[in-house]
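Presented below is the structure to which this report refers.
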Amino acid sequence: MNAFLDLAARRYSCRAYTGDPVRDSDLDKVLEAGRLAPTAVNRQAFTIVVVRDPDRRRAVGEAYPKA
């Protein structure tokens, strides 16, 4: 339990991003953590789409302004 409390104490909310690309290995870890996270009634009602191309990202942003 101490490991969890230590982790909780060190957490932070990122307010700004550098714009540097995310390494594939890091992205894989984040996506796997999201896949393993619990969902309401284990519905797992989500889809994750990774878009790296700037033009396509802009198009997604225009199509889904709250994304």
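Throughout, read-outs are computed from the coordinates displayed, never taken from laboratory work. As the structure is a prediction and not an experimental result, all values here were calculated from the model. Neighbour counts run over all protein chains shown; Cβ positions are idealised from the backbone, glycine included.
What to note about this one:
- Contacts under 8 angstrom Cβ, first residue in region 33-51 being farther than 26 Å from Gly19 by Cβ, partner exposed (fewer than 10 other Cβ atoms within 10 Å of the Cβ) and among the aromatic types (Phe, Trp, Tyr), 6 or more apart: Thr39/Phe46
- Residues of region 9-32 that turn out to be in contact (Cβ under 8 Å) with a residue 12 or more places away in the chain and either in contact with a Leu (Cβ under 9 Å, 6 or more places away or on another chain) or not aliphatic (A, V, I, L, M) (or both), as a count: 1
- Looking at the chain, the helices (runs of 4 or more DSSP H) lying wholly inside it that each contain 1 or more residues that are among the β-branched types (Val, Ile, Thr) and surrounded by 10 or more Cβ atoms within 10 Å (Cβ to Cβ) sit at 24-36, 54-63.
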